[in-house]
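Taking it in order: structure first as structure tokens, then the write-up.
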Amino acid sequence: MKEDTNKSNLKKEFEKVYRLAILTIVIVAIFGLIIGYLIINPQFFDFKKDDSTTELPEIAIEEDFDKIENGIHVSTGFVDAPGMKETIQNCTNCHSSKLVLQNRMTAERWKATIRWMQETQNLWDLGANEDIIIDYLTTNYPPKEKGRRAALTDIDWYELK
Amino acid sequence: MQRRKFIKGATLASFASLVGAEIVYGLKMPAGYVPLALQEPDPFKLFKKDAGMVVLNDKPWNMEAQAHLLDDKVTPSSKMFIRNNGLIPEDINIASWKLTIDGESVKNQKSYSIDDLKSKFKAYTYQLTLECGGNGRSEFDPPAKGNQWTVGAVSCAKWTGLRLRDVLEDAGYNNDAVYIGYHAADLHLSRNPEKEPISRGAPMAKALQDETLIAFQMNGEDIPLAHGYPLRLVAGGWPASVSGKWLTKISIRNKVHDGAKMEGSSYRVPCETVAPGEKVADEDMCIIESMPVKSLITYPKSGAMLSEGKKLSIRGHAWAGELEVAQMDYSIDFGSTWHSCILEKPVNRLAWQHFSAEVDFPKKGYYEVWARATDSRGKAQPMLLPGWNPKGYLNNACHRIAVKIG
């Protein structure tokens, strides 16, 4: 009797696992088919929406955009420090973060550069973010002294035949 | 490629989600325009550039060569620097492309199709040196803002086109003409169609030179897209920003052209020299015209190691803006002694000149080979940085390579 109960319990357990496995296979197959179809027809989910819609669908790439690795914001190359978010939001709409990252300026010269962009390049009023951005840039990217002629560095030595 | 196809059918919202931020001027985006962040991500494939080129900026595109990449006598497109101020125009239709000649001083405003230009005017070919005004900016101290070019924003390709002079004379101009200004099809970074990314020009005297072309070919082929397809103004020896790409209009002005990046501190240096870091008012800044004398050692690449007793053959190019290079020297002792190089004549005016030398090293050790060009008026390249200026233009300091004998 006891053995029978055990047997039927075991059988029930087995059936449960079996059903779960079937379900998993079915779900995987359905996803596989959808993905397969999307590869053939990538526009399938692009329902004709009004182009001016402002809703931003959350997708995986959005998470990647915020990714920080070894203290560096991967998609822009900025150092992860206070003011980075404001800098990205205001300084990478028109031009690349690469233009910012190449430059080393004092607070005064960053301010002059911002004014120039506002006067000639359609940059908006940065409000309270202006000081935050300038602090971020001068703290993390301070000017380096180069003198009148720097020494050759990073020489890639090779045997000349 | 798959990625591009996918993007074509997408909506603004899906663009924004891919970019990871709201596209602020999204509604002003032209139909069919693919935001830069989503354009072909590999500029080397997109522009067919050599793998050794360096990307300084991707919005807008700015790429430079390295000294050793510029070894060819005629620069191929794959090794030509890109300096863009705005977004490259899309959907270029050469059948409907028009070049208009207008301005206060034009006699008859005229528009020409590309076929009109090719059939009506004689074509000329010149090899012309184009160097970015900011080439070498990265060396200035205190640093100057902008793309931090090292040495590779220079090229000397073969350009084919009509003389600008012939076209200006066909439209006719009055005696009060002082300057020409170009307009082009590229788009401002803010995507505001009212704003031009760049619209520069040159005085009439430069516009009327034999070598100033409205080019439709580079190195015998259609001009590559990144370099101005289908029409480009080419004014050798002057900052390359005078050589407007994607040309749609030339205005004959009765005053100095006042287009984008003609005024303020753009492509200007202090009229009088200033101390490094000094503030200079806009009215004390003067427009750069001819570029200064300069040279590059293009062979060998810096970092060569040779065995003792071996001679080293060096070669490279030298140029001097409007002038010719008269003398070329090298030094292996930091300028204590100079030795002359063999210097060739230019193939035509405003083309760079080739130099070469056989260098002997007295004993083992670390050396630098410095190259110095002198122009036809006796002005030589400085070994130190030349006069500091707020925007970091005109660095023509001597180029040098490191060599080890051991």
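The values are calculated or read from the model by the stated rules, or taken from the named source; none is laboratory data. Remember, predicted model here, so these are calculated numbers, not experimental data. Backbone-built Cβ (ideal geometry, glycine too); neighbour counts: all protein chains shown.
For region B:353-377, the tally of residues that are surrounded by 15 or more Cβ atoms within 10 Å (Cβ to Cβ) and farther than 26 Å from B:V74 by Cα stands at 3. Those strands (runs of 3 or more DSSP E) of region B:338-406 in which 3 or more residues are under 18 Å from B:A320 (Cα atoms) occupy B:353-359, B:365-375. Here A:L137 passes the criteria (1) surrounded by fewer than 18 Cβ atoms within 10 Å (Cβ to Cβ); (2) not in a loop (DSSP other than H, G, I, E, B) except the one numbered (1). Specify the residue that is surrounded by the most Cβ atoms within 10 Å (Cβ to Cβ); the eligible residues are those in region B:250-270 that are of a type in the set (A, V, I, L, M) and over 15 Å from B:E104 (Cβ atoms). Looking at the filtered set, the residue picked out is B:V269. One residue stands out in region A:140-154 among those that are surrounded by 13 or more Cβ atoms within 10 Å (Cβ to Cβ) and more than 9 Å from every other protein chain (Cβ to nearest Cβ): the one that is farthest from B:P382 (Cα to Cα), namely A:N140. When the residues of region B:381-391 are filtered to those that are crowded, with 20+ Cβ neighbours inside 10 Å and either of a type outside the set (K, R) or within 18 Å of B:Q66 (Cα to Cα) (or both), the one that is modelled with the lowest pLDDT is B:P390.
Determine if region B:275-282 includes at least one residue that is surrounded by fewer than 23 Cβ atoms within 10 Å (Cβ to Cβ), assigned by TED's automatic domain parsing to the domain that holds B:E131 and under 21 Å from B:L87 (Cα atoms). Let's see the steps before the verdict.
Looking only at region B:275-282, we keep the residues that are surrounded by fewer than 23 Cβ atoms within 10 Å (Cβ to Cβ), and these are B:275-282.
From what is left, the residues that are assigned by TED's automatic domain parsing to the domain that holds B:E131 are B:275-282.
Then drop every residue that is not under 21 Å from B:L87 (Cα atoms), which leaves none.
No: zero hits.
Return the pairs, sorted by first residue and then second, in which the second residue is at pLDDT below 85 and surrounded by 13 or more Cβ atoms within 10 Å (Cβ to Cβ), the first residue lies in region A:56-76 and is part of a helix (DSSP H, G or I), the beta carbons are less than 7 Å apart, and the residues are 6+ apart or on different chains. What qualifies is A:I61/B:S17; A:I61/B:L18; A:I61/B:G20; A:E62/B:S17; A:E62/B:G20; A:F65/B:G20.
Could you please find all residues in region B:369-396 being closer than 16 Å to B:P276 by Cα and not hydroxyl-bearing (S, T, Y)? Steps first, please.
Restricting attention to region B:369-396, the residues satisfying the condition of being closer than 16 Å to B:P276 by Cα are B:384-395.
B:L384, B:L385, B:P386, B:G387, B:W388, B:N389, B:P390, B:K391, B:G392, B:L394, B:N395 - these are the residues of region B:369-396 that are closer than 16 Å to B:P276 by Cα and not hydroxyl-bearing (S, T, Y).
In this structure, A:R109 does not satisfy being touching a residue at least 40 places away in the same chain (Cβ under 8 Å), within 11 Å of chain B (Cβ to nearest Cβ) and either surrounded by 15 or more Cβ atoms within 10 Å (Cβ to Cβ) or hydroxyl-bearing (S, T, Y) (or both). Checking B:G309 against (1) loosely packed, with under 14 Cβ neighbours inside 10 Å; (2) in contact (Cβ under 8 Å) with a residue 40 or more places away in the chain; (3) part of a loop (DSSP other than H, G, I, E, B), which test does it fail? Every condition holds for B:G309 apart from (2). Is it the case that B:L350 is buried (at least 16 other Cβ atoms within 10 Å of the Cβ) and closer than 14 Å to B:F361 by Cβ? The answer is no for B:L350. Between a residue in region A:131-153 that is of a type in the set (F, W, Y) and any residue that is not in a loop (DSSP other than H, G, I, E, B), which pairs come within a Cβ distance under 7 Å, given they are 6 or more apart or on different chains? Note: pairs meeting the criteria are A:Y136/A:M84; A:Y136/A:T87. Flag: B:L225 matches the condition of being more than 19 Å from B:L350 (Cα to Cα) and hydrophobic (A, V, I, L, M, F, W, C). Restricted to region B:392-406, and to residues that are more than 10 Å from every other protein chain (Cβ to nearest Cβ) and at pLDDT 95 or above, which residue is surrounded by the fewest Cβ atoms within 10 Å (Cβ to Cβ)? Taking the candidates together, the pick is B:I405.
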